[in-house]
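One structure is given below, encoded as structure tokens.
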Amino acid sequence: MPEVIVENVHKSFGSVEVLKGVSLTVERGEVIALIGRSGSGKSTLLRCINGLEKINSGRIEIAGHTVSSDPRQLRELRRDVGIVFQSYNLFPHLSVGENIMLAPKIVKNVAKAQSRETAEKVLKLVGLSEKFDAYPDELSGGQQQRVAIARSLAMQPKVMLFDEVTSALDPELTEEVLNVMEQLARDGMTMILVTHEMAFARRVATKTIFMHQGKIWEEGVSKQLFSDPKTPELRQFVKADVK
Amino acid sequence: MILRTFGFSEFGFLVSALLWTVVLTIIALGGGGIVGFFIALARTSTHKWLRIVAATYIQIIQGIPVLMILFLSYYGLSLAGLQLPPLVAAGASMTIYASGYLAEIWRGCIQSVPKQQWEASESLAMTRVQQYRYVILPQALRISLPSTVGFAVQVVKNTSITSIIGFVELARAGQLINNATFQPFRVFLAVAALYFVVCYPLSQLSRWLERRLHARSHR
């Protein structure tokens, strides 16, 4: 059974339809890259998958949960689905360690000692062990984003969603975040990422999906998709990136 | 008629009345703080009707003079057979007045916490209460400190209005002393100075908190 099922999803903001019948499945351990121009609906699709945006019709299942508008069901879902945002969204009044330990403690009632152990583990994973007591505003953007990833990982999610997580970062900081994500992918995490990093999508994603005008325009194994695009839209998009 | 002069014991009387001004301020900020806190929560609630009720409350309180609230709770209720002691009527009126303004100040602070903080905490499976308790309110509290302390200065000065129902706080004490001494310049300058002594440090505190808030957010 697939880890994520998206079935004929429609989503409108007012009179503008941004998702026009999107369907996809993601198997456990797969890494899916969503690419496309801004306004193509890729970020909206990702936000629908964890219920941050309500869909108008269709069906979404993820990690055994059905996306609904019931807050209780959504909370169950979000225990198993992590999301990382473009703007990091760390809690500025809490230290790095507290940022990571908060949700496990209050949502999952994990004992303090154990949540600290987990926090140290995930912080080590993203290469920031020494920043446990630092505050978010003392960190670079890349470091903050790695903490945000660690914070999600501490909930031990089954699926991780990444919403343009490197778009706000300088190139050299982008690299350190991508490295963490690549490590996660290698460790077998199921991941869906909206990204502008074509080279990363090509190298790390098992499958890449090109979205255009609210639809899945073209999809396939990443290497093939990039080296041999079938539609003129994707051909142009890939070409524009090379320049 | 023998006039007293404004001397040491008269000044002492003013100082002891200042104590009542402070007590009334504490009642207003304490009571108004508790009521205002819940009104602010209702004002930012996801339930439409709670928001409407809270907004209406704020509009009404801000739209009428404190004096009217005071008259209603003192004269109005006594006509209805409920004779409140001046301290209670004054305390209740100032509480209602402060709650309307604090609710509005704090609503702004809650809403100035970025929307992404809601999304991030929601995505970590927190309940709405947990989001408020651990993520939103701690940040809103920091933002609210300068304006809340600034408002406290207004409350200190506005307690003078309760002199009208005979509650002897600083302004009323000034009137009484003036009636006995007929030295309005000395008396009311002393009264003004006493208000200043309380308000100035509060204003400075508010400004310091404001600067600190900016320094932190631009680090």
When you look at residue B:96, is it in a helix (DSSP H, G or I), buried (at least 20 other Cβ atoms within 10 Å of the Cβ) and at pLDDT below 95, yes or no? no
Taking the criterion of being away from every other protein chain (no Cβ under 13 Å) and surrounded by 18 or more Cβ atoms within 10 Å (Cβ to Cβ), would at least one residue in region A:96-111 satisfy it? yes
List the residue pairs whose Cβ atoms are under 8 Å apart, where the first residue sits in region A:36-64 and is more than 30 Å from residue A:235 (Cα to Cα) and within 14 Å of another protein chain (Cβ to nearest Cβ), the second is surrounded by fewer than 20 Cβ atoms within 10 Å (Cβ to Cβ) and of a type in the set (Ser, Thr, Tyr), and the two are 6 or more positions apart or on different chains. A:51/A:68; A:51/A:69; A:54/A:69
Where a residue in region A:74-89 is within 8 Å of chain B (Cβ to nearest Cβ) and its partner, wherever it lies, is in a helix (DSSP H, G or I), with Cβ under 6 Å and at least six apart: A:78/B:123; A:82/A:152; A:83/B:123; A:87/B:116; A:89/B:116; A:89/B:120
In region A:159-181, which residue that is in contact with a Lys or Arg (Cβ under 8 Å, 6 or more places away or on another chain) and of a type in the set (D, E, K, R) is surrounded by the most Cβ atoms within 10 Å (Cβ to Cβ)? A:163
When you look at residue B:173, is it among the hydrophobic types (A, V, I, L, M, F, W, C), surrounded by 15 or more Cβ atoms within 10 Å (Cβ to Cβ) and closer than 30 Å to residue A:160 by Cβ, yes or no? no
Restricted to region B:1-46, and to residues that are more than 19 Å from the chain's Cα centre (by Cα), surrounded by 14 or more Cβ atoms within 10 Å (Cβ to Cβ) and polar (S, T, N, Q), which residue is farthest from residue B:159 (Cα to Cα)? B:45
Flagged in region B:118-136 as buried (at least 20 other Cβ atoms within 10 Å of the Cβ) and either more than 7 Å from every other protein chain (Cβ to nearest Cβ) or on the phi > 0 side of the Ramachandran plot (or both), in numbering order, are B:121, B:122, B:125, B:136
Collect the residues in region A:183-216 that are over 27 Å from residue A:152 (Cβ atoms) and surrounded by fewer than 19 Cβ atoms within 10 Å (Cβ to Cβ), keeping them in residue-number order. A:213, A:215
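The values are calculated or read from the model by the stated rules, or taken from the named source; none is laboratory data. The structure presented is a predicted model; accordingly, all values stated were derived computationally and were not measured. Counting neighbours? That spans all protein chains shown, and the Cβs are built from the backbone with ideal geometry, glycine included.
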